[in-house]
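One structure below.
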Amino acid sequence: MAKENETILQLINVNKEFDGSVVVDNFNLDVKKGEFVTFLGPSGCGKTTTLRMIAGLEMPTSGQILLNGKDIAQLPPHKRPLNTVFQRYALFPHLDVYDNIAFGLKLKRIPYEYTDKNGNKKEKLRKYTREEIDAKISKALKIVDLEGFEMRDVATLSGGQQQRVAIARAIVNEPEILLLDEPLGALDLKMRKEMQLELKEMHKKLGITFIYVTHDQEEALTMSDRIVVIEDGIIQQIGTPMDIYNEPSNAFVADFIGESNIYVGTMIDKLKVHFLGANWDCIDDFPLNEKVDVVVRPEDIIIKKPNEGKVKAKIVNKIFKGIHFQFTAMVGNNEVLIQSTVDHPVGEEISLSIDPDLIQIMHREYTTNIYNDAYIDKNNNVVFAGATWEVDVCQLVEGSSLDEKGYLITKEGKKYDLSDLDVIATVEMKDIDISDNLEEGNITGKIIQMVWIGDHYQLVVRTEDEEDFVLETEYTWNELDTVSVIIKKENIKLKLKADLADYEI
Amino acid sequence: MVKNEKLKVVLARVVLFFVLFLMYLPILVLIVFSFTKSTELGTWTGFSLQLYKDLFENKSLMRAIGNTLLIALVSALVSTILGTLGAVGTFYTKKRAKKSIETMTQLPVVNAEIVMALSLAVLFKAVNASYTFLTLLVGHVVLTVAFVYLNVKPRLVKMDSSIYEAALDLGATPRVALFKIILPEILPGIFSGFLISITLSLDDFVITQYLKEPSFETISTYIQKIVVKHPIPAEVRALTTLLFLVVLGMVIAITIYNNKKANKQLSAMNAKMRGVIK
C-alpha cells in the first residue's frame, strides 16, 4: 500500500508551443498518490493540452514530466501506465462493449515467474488468459453499473452508457493515473450531476489518482481534492475548493469561480480599505495607499434597513433562483450583486454591510500598461507592442521643442536626434480605447479576458504578436471579439531608458 | 381531383419507365443479338450459342480479356494501398499541408485523360524507359489512385478522430492502432475505392493505348485495332453481354449489402430511441 502523501506525478517547468505561440507556460505541479486534481479554466486556456502531455498524446516543447520520479515526457502514449477518458468517449464503433473494454487488456503483457529445466527461476511475459479478461471486464462493468452489457453494440447505447463504457475501458487496465478530459461535457445537466457523484465515489473505491479537466467551476468544486485554475496557459492558483472559493488569488479566479463582486479599492489605513464610496474594516494587510482589487461574494453581503448598514443602496433588479433571490443593487454608479433568502421589492432603498473577514483583498494584477522595449522612430513616433504611435516626444526633456527637421531642441539649445532612442512607454488603463472598426486603431487584437469590476469592465486585448493591452471600458464587448486599439497622442507617457547624451548632434 | 392525382402518378411512372427503357434498349438489343449466329448486326438467323463458342475460341480476344483483368486487378490493388495510406496520412497531417495535398488529389479527377496519358508518355520517353507492363501499371495507378483517396476520405472524416489516440492510450503501437482501429472503420471506403479502380481500369482506352507494350492488348485496344480494318467481330457481342451481366451482378450485390447495413443501423437507432424513452 502506498504511503500517504507520496508524490506520483511531477510536472517541472513544462512548456508547450504551437507554431510559436505559447499554449502552456512554465507549468509546475506535484500530484499526490490517490488525489483528485482538477484542471479548471476557460476553453483554450491550455488545460487539455497539459492533460494530453501527461497522456503522451502531445510532447512538451520543454520541461519534465516525472511519473514516480522517472521522466516520461518523451515516452510514446502506449508505453505510459496511464489511461484517458476522452471528451467524446472515443469508443471503437466496430467493436462491441466487451471488445472495447478488452482492447487494452489483450495488448497487455504481464510478467510471470517460471522454473526452467535447470531449476532456475526466470521471468517471462505472457498475455492475459480469456478467463482473466472475462473476470476483469465483468468487474469493470460492475463498477460503472453496466452489468450484462458485454455483447451490446456501442452504437445502441445512450450517451451516459457510452461514457460508462469509456470509463470502464480505461479503469480496467488499472492505470496509475486516470486522466479525464471533460468526460461529462456531452451529457445533459441531470445526467452530469449524477455522473459527478458516481465518479467521486469511484475515485474513493478504486484509490487511483484522478486528473480531471473541466471548464465547469461547479463540477470542479464538487469533485476535486485540489483545483488548478489555469488561464492563458499560466497557473493562476492551486488550492482546495474551499481555498479557491474563499481566497481567490486574483480577480480572474474570483470572477471565474462562482459569482462575485469585484471593485477597485485603495488602502487608506492599516486594515482599512476604501471602496463603494465607504471605508471598510478588513483583515488583509496591504501597504498604505496601494490600489487593490476587492472581492465580495454575493452571499456575503447583508441587506439592512436604510441607515443601519455601511452604504446606502437601491435595489434595481430581482431574480428568483429557487433557493434564494438574486438582487442587483446600485451604490452610486457601482453595481452590487446580492444573494438573499429574504424577499425585497425592486426599488426599495436599503443599506449594505459586510463582515470584515468576508472582504477579500488582492493585489491588482494590472494597474497600468508599461512597455519597456519601446523606441522612437525616424518620424518622432514611438514604436511599442508591434505598432507605431503618434506621441509628444518633447515630454522627454522639460521645455524642449522640435525644430523643422525634427530634431529635439532643449531650453539650453542642445540638439538631439531621437531616432532609435530606447524609451519606456506607459499608458493608463482608462486611456486606451477600442473600436470594432478595425481601420480606426493602430493595431488589432482579440479580447482574451473580460472581468466586470463594479461599474466597468477590465479587458485584456492581445495582438497577434502576443502583446497585451489592459484597459477599462464601460461598454460591453464579447470575449474573442477582434478590435482595434486607439491611444490618444497625449496619453502616452514616455520615460528615458538610454542616456540622452549619446543622441546629441 | 383524386382522379387527376392518380393520372399524374401514372403519367410520371410511364415517363420514367420510357426513359429507362430507352437507356437500356441498346444493351437489350445487343444481348438479344448475341444469341444468334449472324455476323451482320440486326439480322436474326435463329437462336444459337455460336458466338459464345467463338468468343472462347478466339485466342487473341481471350488473351486481351486476360490482360484487361490482370492490369485492372493489379493496378486497383496498388491504387487501393497507396490511396488508403495517402488518405490516412493526410487526415492526420497539419491543416496547411492537408489543403494543398487535397487540391493536388482533385486534379487527376478533373484532368482530361489524354493530358495525363501524353504527359506520362513524354515522361517515360524523357527517361528513356521502354513501354512495359510496369509503365502501363503506373499509368493506371495514376488514373485511379485519386478515386480511392476520394472514397476513403469521407469515411475518415465521419470517424471520430480521437479513436486512434484512444487506441494508443490503451497500449497499442501506432501500427496496431492503424490496423485494428482505423482500417476496420474505413474498410467500406477502401472497398468501394477498389471497385471503382477496377471499373476505371477495365474500360480505359487512352492511357492504355499510350503506355502499353506494343504487343500487349486489352479488350479496348484489341477492338480498336480490329475495327480499323475489319468490322467488329461478332463474338464481341457475346463478350459485352457477359461483361454487362457481371457488372449487373456486382451492382445488385452492393445494393443488397448496403441495404442490409442501413437496416441494421436503423434498428440500432430505434433501440437507442426506445432506451431514451424508457
| note | The answer for the net charge of residues other than A:ILE72 whose Cβ lies under 9 angstrom from its Cβ, with Lys and Arg +1 and Asp and Glu -1, is +2
| query | Label-point separation (nm) for B:ALA112 and A:ASP281, each offset 7 Å from Cα along Cα-to-Cβ? | reply | 9.4 nm
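Using alpha-carbon pairs under 8 Å, 6+ residues apart, how would you state the relative contact order of chain A in percent?
11 percent
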| query | Among A:LYS117, B:LYS98, which comes first, second and so on when ranked by fewest other beta-carbon atoms within 10 Å? | reply | A:LYS117, B:LYS98
| Residues of the range A:244-268 with amide nitrogen under 15 Å from the 7 Å Cα-to-Cβ point of A:ASN289? | A:266-268
| request: Take the alpha carbon gyration tensor of the range A:7-241, find the square roots of its eigenvalues, order them as a ≥ b ≥ c, and report rounded if a/c is under 1.5; if not, report prolate when a/b exceeds b/c, else oblate. | output: oblate
| said: Please arrange B:VAL109, A:VAL382 by how many other C-beta atoms lie within 10 Å of their C-beta, fewest to most. | reply: B:VAL109, A:VAL382
| said: Between the range B:51-95 and the range A:196-222, how far is it from one alpha carbon centroid to the other, in angstrom? | reply: 55 Å
| Signed unit charges on C-beta, dipole axis of the protein assembly as shown, positive-most listed residue A:VAL85, A:LEU29, A:VAL397 | A:VAL85
| Could you name the aspartates and glutamates in cross-link range of A:LYS415, using Cα to Cα under 20 Å and dropping any fewer than eight places away on the same chain? | A:ASP377, A:ASP392, A:GLU398, A:ASP403, A:GLU404, A:ASP499, A:ASP502, A:GLU504
| message | Of all beta bridges DSSP finds with both residues in the protein assembly as shown, what is the antiparallel percent, to the nearest 5? | response | 85 percent
| query | When the dipole is taken about the Cα centre of chain B, and only Lys, Arg (+1) and Asp, Glu (-1) are charged at their Cβ, what size is it in debye, to the nearest 20? | reply | 1140 debye
| request: Determine, at each q value in 0.13 (inverse angstroms), the log₁₀ of I(q)/I(0) that the Debye formula gives when each Cα of the range A:251-363 is one equal point scatterer. | output: -0.47
| message | With just the Cα atoms defining each centre, how far is the range A:103-134 from the range A:405-467? Give it in Å. | response | 67 Å
| message | Need one number: the % of Cα-Cα pairs in the range B:138-258 sitting beyond the 22 Å mark. | response | 56 percent
| At A:ASP420 and B:ALA129, where each label point lies 7 Å from the Cα along Cα→Cβ, what is the point-to-point distance in nanometres? | 5.8 nm
| Estimated inter-spin distance, B:ASP203 and B:LEU245, nm [label 7 Å along Cα→Cβ] | 2.0 nm
| task | Could you give the size of the charge dipole of the protein assembly as shown about its Cα centre, using +1 on the Cβ of each K and R and -1 on the Cβ of each D and E, expressed in debye and rounded to the nearest 20? | result | 5900 debye
| field | Candidate aspartates and glutamates - alpha carbon under 15 Å from B:LYS125, same-chain residues fewer than 8 apart omitted | value | B:GLU213
| request: Just the ratio, please: alpha-carbon radius of gyration of the range A:112-159 over 2.2 N^0.38 Å, N its number of residues. | output: 1.87
| note | Result: in the range A:251-363 the number of Lys pairs with C-alpha under 18 Å apart, spaced 8 or more or on different chains, is 8
| message | Cross-link candidates for B:LYS99: which lysines have Cα within less than 29 Å, leaving aside residues fewer than 8 places away along the same chain? | response | A:LYS16, A:LYS47, A:LYS446, B:LYS153, B:LYS158, B:LYS180
| remark: Among A:ASN118, A:PRO175, A:MET195, the residue whose Cα sits farthest towards the positive end of the charge dipole of the range A:7-241, when +1 is placed on the Cβ of each Lys and Arg and -1 on the Cβ of each Asp and Glu, is A:ASN118
| request: Provide the net charge surrounding B:ALA234, with neighbours chosen by a C-beta distance below 14 Å and charges set as Lys +1, Arg +1, Asp -1, Glu -1. | output: -1
| Bins of 10 Å, starting at 0 and running to the largest distance - Cα pair percent for the protein assembly as shown | 2, 9, 13, 15, 15, 14, 12, 9, 6, 3, 1, 0, 0
| query | Under unit Cβ charges (Lys, Arg +1; Asp, Glu -1), what dipole magnitude, rounded to 20 debye, does the range A:251-363 have relative to its Cα centre? | reply | 340 debye
| remark: Quick calc, B:LEU77 & A:GLU174: beta-carbon distance into FRET formula, R0 41 Å, rounding 0.05, result 0.45
| field | Percentage relative contact order, the range A:251-363, counting C-alpha pairs under 8 Å, at least six apart | value | 29 percent
| query | In percent, what relative contact order does chain B have, based on Cα pairs under 8 Å that are 6 or more apart in sequence? | reply | 28 percent
| Just going by the charge dipole of the range A:368-503, with Lys and Arg at +1 and Asp and Glu at -1 on Cβ, which of A:THR482, A:LEU500, A:ILE453 is farthest out on the positive end? | A:LEU500
| request: Could you work out the local net charge near B:PRO154, counting Lys and Arg as +1, Asp and Glu as -1, over the other residues with Cβ closer than 13 Å to its Cβ? | output: +1
| How high is the FRET efficiency between A:LYS489 and A:MET330 when r is their beta carbon distance and R₀ equals 35 Å, given to the nearest 0.05? | 0.45
| query | In the range B:23-77, which trypsin sites (Lys or Arg not before Pro) are in a loop and have at most 16 other Cβ atoms within 10 Å, using DSSP for the loop call? | reply | B:LYS37
| Relative compactness, chain B, computed as alpha-carbon Rg over 2.2 N^0.38 Å | 1.30
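Every number here is computed from the coordinates shown, using simple stated rules; none is lab data. Values in this document were obtained by computation on a predicted structure and should not be read as measured data. Don't worry about glycine lacking a Cβ; one is built from the backbone with ideal geometry, like all the others, and counts go over all protein chains shown.
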